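The values are calculated or read from the model by the stated rules, or taken from the named source; none is laboratory data. Just so you know, these numbers come straight off a predicted model, no measurement behind them. Here the Cβ positions follow ideal geometry from the backbone for every residue, glycine too, while neighbour counts run over all protein chains shown. With ligands, DNA and RNA removed, areas are computed over all heavy atoms of the protein, side chains included. Shrake-Rupley method; radii C 1.70, N 1.55, O 1.52, S 1.80 Å.
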Amino acid sequence: MDLSRTVRRNTILLAACLALSWAVVQLLVTVAAPVLSDLTGRPSLAGFGPGITLAFWAVATLVVGRYMDSHGRVAGLRLGFIAGVAGCLLLFFAIRGRSLPLYLLGLSVAGGGGGAVNLARAGAGDMYPPERRARGISFVLIGAAFGAILGPVVFTPLLVRSGADFDVLAPPFIAAALIMAAGIALTYAIRVDPMEVARRQREEVGSVAPPMAPARHIRELLRVPLVRAAVIAALISQGVMAMMMSTVSLHLRDHAHDWTAVSIALSAHFLGMFGLVLFVGRIVDRIGRERSLVLGLVVLVVGVVALLGEVELLWVAPAMLIVGVGWNVSFVAATAMMADATGPAERAGLLGFADFLAMGSSVVSSLLAGVAIGILGIGALVAVGVAVAMIPVVMFLAGRHRVPAAA
């Protein structure tokens, strides 16, 4: 079998999976906080919408990550898409019936599905060698950039008519369910699981390769300095980014902007998160993981501070783009670090565990952000975001975590 051809095919299919999933994630992020605010009648609780979504995203990555290591990447992706279909249908009926319990259940199930599909990047870690691993991961993540484009194309025409009509927010979730159903079909096109590709690549090198070590427990992996450094940076960068992303829709709506403006601002953010990912992958492989992490966190801080400017779309959208770019660099570097430190039988489990912690920080930051923005304003969020994001920067610059460019 021509493994190089299989790797290229799998890379395209994994990227397509992320494209479909992230198109739906954008819809969830756009409406989660405002709809919950309307259903409860309490704007201070709006942050619980994104918070619940991220909480079940986190749980799914932890559980499905370990499931992928024992059953393969494709099986885990399929479970994620099935959950996505179910969650979107629940959200449709919840909004139509103005049912708060059903809405919370829908956010939970849909969030879990998104988290599971997001582990597609573990497949890239399986198929690419260390010196090209960040680029391989970026090839898969480019699918999320297409999702950021697909989301507005599909959902903005459905949201633009909503205005004050709450019920018009329901139909987009039928389209979202159909997109996730297409993802289920896409998983059947992956003929050779990425874990199997890694095994066959190992067989090709024969006696040159050392014996495959037994899979290590998460506790053992966390004793590796490279892993600890990556997890710390991922946790903080994700939490700061989510704090800004989960409240920008509420911030714009509170200043009389319509759903189109909210969708454009979030589209700019998602494009920042993934639009430059191919370039970012090359940078991470070239300058090393640690320098890339520091660079990404500094750019993230610049974007967060920029949100203190005018509450106009022409200002907020570029600021959210910069926040996304900063997160992108730190995310690819942290993922490459963890992939460098692990074998195929433990890689998705570690990535899932790191996502679990990172999304946990996202949940906390989203919940606190929803309350803080209503009481203290955007300035308080910016101050907290900058202070927290600088913690790993200071740690890296102080030399407390030294990691190689590649394993």
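Across region 69-105, the qualifying residues are those that are small (G, A, S) and more than 23 Å from L186 (Cα to Cα), and the one among them that is surrounded by the fewest Cβ atoms within 10 Å (Cβ to Cβ) is G97. For region 336-346, the set of residues classified as of a type in the set (G, A, S) and either under 21 Å from V384 (Cα atoms) or open to solvent by less than 10 Å² (accessible area, probe 1.4 Å) (or both) consists of A336, A339, listed by residue number. Whenever a residue of region 13-41 is open to solvent by 10 Å² or more (accessible area, probe 1.4 Å), its partners that are modelled with pLDDT of 80 or more and outside any helix (DSSP H, G or I), lying with C-beta atoms within less than 9 angstrom and at least six residues away or across chains, give the pairs L13/A189; L13/I190; A16/A189; D38/R98; L39/R98; L39/S99.
Is it the case, given these coordinates, that I52 is in contact with a Ser or Thr (Cβ under 7 Å, 6 or more places away or on another chain), part of a helix (DSSP H, G or I), hydrophobic (A, V, I, L, M, F, W, C) and farther than 27 Å from P194 by Cα? Against the criterion (in contact with a Ser or Thr (Cβ under 7 Å, 6 or more places away or on another chain), part of a helix (DSSP H, G or I), hydrophobic (A, V, I, L, M, F, W, C) and farther than 27 Å from P194 by Cα), I52 qualifies.
For every residue, the table says whether it meets (1) touching a Gly at 6+ places or on another chain (Cβ under 9 Å); (2) among the β-branched types (V, I, T).
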position: R66; (1), (2): yes, no
position: V74; (1), (2): yes, yes
position: G97; (1), (2): no, no
position: Y103; (1), (2): yes, no
position: S108; (1), (2): yes, no
position: G111; (1), (2): yes, no
position: G115; (1), (2): yes, no
position: G125; (1), (2): yes, no
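Counting only residues that are open to solvent by 30 Å² or more (accessible area, probe 1.4 Å) and modelled with pLDDT under 90, region 158-190 holds 8 of them. Starting from residues that are outside any helix (DSSP H, G or I) and of a type in the set (D, E, K, R), keep the ones in region 287-335 and report whichever is surrounded by the fewest Cβ atoms within 10 Å (Cβ to Cβ). Filtering region 287-335 for residues that are outside any helix (DSSP H, G or I) and of a type in the set (D, E, K, R), the one surrounded by the fewest Cβ atoms within 10 Å (Cβ to Cβ) comes out as E310.
Looking across L13, L91, one residue alone is of a type in the set (A, V, I, L, M, F, W, C), in a helix (DSSP H, G or I) and within 22 Å of V168 (Cα to Cα). It is L91.
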